[in-house]
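The values are calculated or read from the model by the stated rules, or taken from the named source; none is laboratory data. Owing to the predicted nature of the structure, the values given are computational and were not obtained by experimental measurement. Ideal geometry is used to build each Cβ from the backbone, glycine not excepted, and the neighbour counts take in all protein chains shown. Each accessible area value is taken on the protein alone, full model and side chains, heavy atoms only, with ligands, DNA and RNA left out. Shrake-Rupley method; radii C 1.70, N 1.55, O 1.52, S 1.80 Å.
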Amino acid sequence: MNKQEVANRGIPIFVPRQVEVNGEWVPGGRWHMERPIGDILLGLKRCGELGASVADDEPPAGYVYSAKVKDQFRYVPLFSRAVEQLDADKLTQLERMAIEVRQSYAGYGMRARIDRAVASLVNQGYKLDRLKLVISPLDPVAADTEVRTDYGMLAVAPDRMVPEGVSYVIQDSGSERAFAWVKKKN
């Protein structure tokens, strides 16, 4: 797609560029709009190569600007895939690193804690759509508006009063209140 077509769709676009980190230039970039939720974002061809093909009617999670394309249609669709959907033997080192980064904050360690907190509240009769994950804005999870749980998508509510490393699930609406720790500061 070209820039105007992608803008009209109203979904996230990633523009890659080099960024300086501690005096070293590394691949980086920025999202226009919020970053899509997903364990890893892959192009159409790569999804097929890793055994997680894309359905004909599946909408992309976002687009990435590709300077390699030599015409005005430089925006390539990206599709969100969970690690469990992929053939791990075929992953490149860069893809493994991307998965590790996602898992470090929205993956297995943090996700398992979130799932336990949500499960404790859902099992008491609270509804997922009324719960939210409260977390420090300094935590990488705060960049997402929702996180995936075993029960569905959970809203994320960054709170600058919450110290880094602390998070909890809460229902603070109406007369019913619920609370479960995700992670207490050590």
Sort out which residues of the stretch 114-145 are surrounded by fewer than 17 Cβ atoms within 10 Å (Cβ to Cβ), under 15 Å from Val182 (Cβ atoms), modelled with pLDDT of 75 or more and not aliphatic (A, V, I, L, M), and write them in order of number. Arg116, Ser120
For the structure I just gave you, tell me whether Arg148 is more than 20 Å from Ser80 (Cα to Cα) and either over 18 Å from the mean Cα position of the chain (by Cα) or surrounded by 13 or more Cβ atoms within 10 Å (Cβ to Cβ) (or both). no
Please enumerate the residues belonging to the stretch 33-51 that are surrounded by fewer than 18 Cβ atoms within 10 Å (Cβ to Cβ) and at pLDDT 75 or above. Gly43, Leu44, Lys45, Gly48, Glu49, Gly51
Could you list, in sequence order, all residues of the stretch 68-91 that are assigned to a loop (DSSP other than H, G, I, E, B), open to solvent by less than 60 Å² (accessible area, probe 1.4 Å) and free of Cβ contacts under 8 Å to residues at least 40 places away in the same chain? Val69, Asp87
Long-range neighbours under 6 Å by Cβ, at least six apart or interchain, first residue in a helix (DSSP H, G or I) within the stretch 124-153, second among the polar types (S, T, N, Q): Arg130/Gln171; Arg130/Ser173
Do we have Gly174 as on the phi > 0 side of the Ramachandran plot and at pLDDT below 80 here? yes
Consider Arg177 carefully, then state whether it is exposed (fewer than 13 other Cβ atoms within 10 Å of the Cβ), without any contact (Cβ under 8 Å) to a residue 60 or more places away in the chain and in a strand (DSSP E or B). yes
